[in-house]
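Have a look at the structure below before the remarks.
What follows draws every value from the coordinates through simple rules; no lab data is involved. Source: prediction; values computed, not measured. Here Cβ is always computed from backbone atoms with ideal geometry, including for glycine, and neighbour counts include all displayed protein chains.
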């Protein structure tokens, strides 16, 4: 359950109540009128109804002065809501609204000091774990690394046709990968690289199973955020981590092992392409799109273009894998 809190001119109160009734909200109540003439309305809705109510409210309030819409998660509600019938069970499985997804994912596209420090630290941890063949340390680096978030932000920006978010997430992704590879190269130059390390060599071998794993993990990542299970992302970070291949690529380049570096670079490219392709397809299937017709048209064009680009990139990588083998 969620509470949608609407602060708007008191003249919109009846319309807001009408939207709540039309969308079969669990409850709706009004607060007192403030000195500025605005009134607060609270609408208690099921998660799958959140997006529809938000779109309707934005439609009627778009031309008004100083409106405010706030979505508040509800931990528990009494009395308990009645059991939904079979038809309602088939409703949209997206429990996070477009606005909630944007708020949650957009912050992962920010290129700030915190992001760079996390990449720096996780790269050092990953490099040590790879060289020392310590799987626990490598897993720790996977969880620390923030690289998956910027790829999800890129996919969401494409789904919404938000070019600003796309460019910011792309810049963040490139900066993070570049920093990780650069630090790894320096470590490879200064620290003897143990090419017998199983953890290190494993990141230089790529096959069709790597593609299947990356596609499944990318889809799981987006599915987890759309249904409100962000804890699943930890498992995804471990399953299709971007940092260990990046660190392996840098270590191998720094130590002059160019054959191994090619394999690590290929694995990194496969993970990036597959995560983005799977994420975009899931956003498309789940119906995550902008609100207005013009924005939907723009988003549809960008989504089609980028899906084709990532799909063609995947085909090229498949060919490269066969050639390398």
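In the list (i) -0.99, -1.14, -1.42; (ii) -1.15, -1.21, -1.32; (iii) -0.95, -1.05, -1.25, the label attached to log10 I(q)/I(0) by the Debye sum over Cα atoms at q = 0.13, 0.14, 0.16 Å⁻¹ as derived from the coordinates here is (iii).
Angle of helix 258-285 to the longest C-alpha principal axis of the chain, folded into 0 to 90 degrees and rounded to 10: 10°. Computed from the Cβ-Cβ distance with R0 of 51 Å, the FRET efficiency linking residue 99 to residue 315 stands at 0.90.
When the P(r) of region 2-78 is calculated, the portion above 22 Å amounts to 16% of the C-alpha pairs.
Shape of region 153-236 from the C-alpha gyration tensor: oblate (a/c of 1.5 or more and a/b not above b/c, with a ≥ b ≥ c the square roots of its eigenvalues).
When the chain is fully extended, how far beyond the present Cα-Cα distance does residue 10 get from residue 22, taking 0.36 nm per residue of separation? It would help to have the intermediate numbers written out before the result.
Details: separation 12, 0.36 × 12 = 4.32 nm, distance 1.96 nm.
The span from residue 10 to residue 22 would gain 2.4 nm if fully extended.
At 0.36 nm per residue, minus the direct Cα-Cα distance, what do residue 112 and residue 80 gain on full extension? Give it in nm, one decimal, please. It would help to have the intermediate numbers written out before the result.
Details: separation 32, 0.36 × 32 = 11.52 nm, distance 4.32 nm.
Stretched out fully, the residue 112 to residue 80 stretch lengthens by 7.2 nm.
Largest GNM mean-square fluctuation across 277, 242, 116, computed for the chain with C-alpha springs under 10 Å, falls on 116.
Please list, by residue number, everything in region 54-70 whose backbone N is under 19 Å from a paramagnetic label point 7 Å out along Cα→Cβ of residue 29. Zone members listed by number: 70. Packing around the peptides 8-20, 153-165, 176-188, taken as the average count of other Cβ atoms within 10 Å per residue, puts them in this order, highest first: 153-165, 176-188, 8-20.
Largest mean-square fluctuation among 117, 143, 53, in a Gaussian network model of the chain whose springs join Cα atoms under 10 Å apart, belongs to 117. Residues of region 252-271 falling in the label zone of residue 189, defined by backbone nitrogen less than 20 Å from a point 7 Å along Cα to beta-carbon, are 252-262, 265.
The packing ranking, built from the mean of other Cβ atoms within 10 Å per residue, places the peptides 190-198, 71-79 in the order 190-198, 71-79, highest first. What the Cβ-Cβ distance of residue 64 and residue 163 gives, at R0 = 25 Å and to the nearest 0.05, is a FRET efficiency of 0.40.
Relative contact order for region 111-246: what percent, with Cα pairs under 8 Å and sequence separation of 6 or more? Working shown, then result.
On the way: 149 pairs, mean separation 46.2, N = 136.
The value is 34 percent.
Full extension of the chain between residue 196 and residue 297 yields a length gain of 31.1 nm, computed as 0.36 nm times the residue separation minus the alpha carbon distance.
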